[in-house]
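Q: Quick one: structure below, then a few questions.
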Amino acid sequence: MIGLAPRIAAVVVLYHPGLEVIDNIRSWSGQVETVYAVDNSEASDSVFNLLVAKVRNITYIPQGANRGMARALNIGAERAIEQGYGFLLTMDQDSKAAPDMVALMLDCLDVRTLTQIGIISPFHVTKSGHLPGKEECQDVMTPMTSGCLLNLAAYRAVGPFRDDFFIDFVDNEYCLRLRKQGFDVCRANLARLEHSVGDTKKYGPFIATNHSPLRRYYKTRNRFKVFHEYVMDFPGHCFYDLVRLVKEIASIILFEDEKLAKLLMMWRGWRDFRRENFGKYAGRV
């Protein structure tokens, strides 16, 4: 990368983390100056706490309650800005990075100016078999949060992640907001992140993600909010996502367990979108 490398902090969002999460964190913690480990678990695990404390540059921030993915990301961003960092690496607990991931993402600053960049994503290695593009730094619409470098100058310009989304489509909405305000969202195709996407199975054109009924609620509610707010700016992306929704419903009906529970929670998500009822779901599952 040309010039001085920016100072980089990281935030990792924890929720009932297993001991394998320590190895995941160690795979990338040495690539940044400091790590904010924001734990959304209702009660912390003493063994995990002892092990995470041995990671040299980590600050453990227990919440004592599940306050959502967006709030945890905002806590990390606010801390990083206070301490003078230029970029924030946003990580999930189930992701493992290649040893040169951050350096290769910073190479995007050779072809994009610092004022252009909103988010730089790595290439996510998943079970899907999806292959990266040939460009070193490629425009992408809405990469997943894990492994992304967020330009904190852009964060200050467009505002925080939406706490009221809680989880799901937090990354989608934020990338569209960055794009709408003139920032680039790109992917460094040589940078690699191993990302677990849960119990996902492919059946021809259908992908069964086997998300819980509660996750189906959040995905549906927040998806329609994103569509409502951004369809005029990004019609192709929004209509493509509606096609994905139809395929997800078909996958639930054809291949997944708890069909009725998931469809009911999707209906509740649609209902709460219509009522402008956001935040953490407080009803029965």
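Q: Here are labelled values, (1) 33; (2) 48; (3) 39, and one is the computed percent of Cα pairs over 29 Å apart for what I pasted. Which one?
A: Answer label, from the structure shown: (1).
Q: Against the longest alpha carbon principal axis of the chain, how many degrees, from 0 to 90 and to the nearest 10, is the axis of helix 213-230 turned?
A: The angle comes out near 80 degrees.
Q: Let me ask another. Going 7 Å from the Cα of residue 274 toward and past its Cβ, which residues in segment 213-250 have a backbone nitrogen under 17 Å from where you end up?
A: It comes to 217-218, 220-228, nothing else.
Q: Could you tell me the distance between the Cα centroids of segment 20-96 and segment 172-219, to the nearest Å?
A: Spelled out, the Cα-based centre of one part sits 21 Å from the other.
Q: If each DSSP helix of 4+ residues adds -39,500 (n - 2.57) and the sum is divided by the residues in the chain, what number results at 222 nm, nearest 500 deg cm²/dmol?
A: Using -39500 (n - 2.57) per qualifying helix, the result is -12000 deg cm²/dmol.
Q: In what order do 28, 267 fall by count of nearby beta-carbon atoms within 10 Å, going from fewest to most?
A: The fewest-first ordering by Cβ neighbours comes to 267, 28.
Q: How much of the DSSP bridge set in the chain is antiparallel, in percent, rounded to the nearest 5?
A: Antiparallel bridges make up about 40 percent of those DSSP assigns within the chain.
Q: Relative to the longest principal axis of the chain, what angle (0 to 90°, nearest 10) does the C-alpha long axis of helix 170-180 take?
A: Roughly 70 degrees between the two axes.
Q: Also: DSSP loop (so not H, G, I, E, B), at most 12 other Cβ within 10 Å: list which GluC sites (Glu not before Pro) in segment 1-70 pass both filters.
A: Sites meeting the loop and neighbour criteria: 42.
Q: Could you give the size of the charge dipole of the chain about its Cα centre, using +1 on the Cβ of each K and R and -1 on the Cβ of each D and E, expressed in debye and rounded to the nearest 20?
A: Result for the chain is approximately 800 debye, rounded to the nearest 20.
Q: Can you list the GluC sites (Glu not before Pro) in segment 179-284 that are in a DSSP coil and have 11 or fewer other beta carbons within 10 angstrom?
A: Here the sparse-neighbourhood loop sites are 276.
Q: Here's something else I'd like to know. On C-alpha positions alone, give me the angle between the axis of helix 235-255 and the longest principal axis of the chain, in degrees, nearest 10.
A: Helix 235-255 and the main axis of the chain meet at about 60 degrees.
Q: Give me 41, 251, 46 ranked fewest to most by other Cβ atoms within 10 Å of their Cβ, as a rough exposure proxy.
A: Starting with the residue having the fewest Cβ neighbours, the order is 46, 41, 251.
Q: Same structure again: Treating cross-link reach as a plain straight distance, find the lysines whose alpha-carbon is under 21 Å from the alpha-carbon of residue 225, omitting any fewer than eight places away in the same chain.
A: By straight Cα distance, residue 225 reaches 180, 247, 262, 280.
Q: Mind sorting 25, 249 by how few other Cβ atoms lie within 10 Å of their own Cβ, fewest first?
A: Exposure proxy ranking, most exposed first: 249, 25.
Q: For segment 25-90, what does the alpha-carbon gyration tensor say about shape, rounded, prolate or oblate, given a ≥ b ≥ c as the root eigenvalues, a/c under 1.5 as rounded, and a/b over b/c as prolate?
A: The shape class here is oblate.
Bear in mind that the values in this text are calculations on the coordinates, not laboratory data. All of these numbers come straight from a predicted model, not from anything done at the bench. Here Cβ is always computed from backbone atoms with ideal geometry, including for glycine, and neighbour counts include all displayed protein chains.
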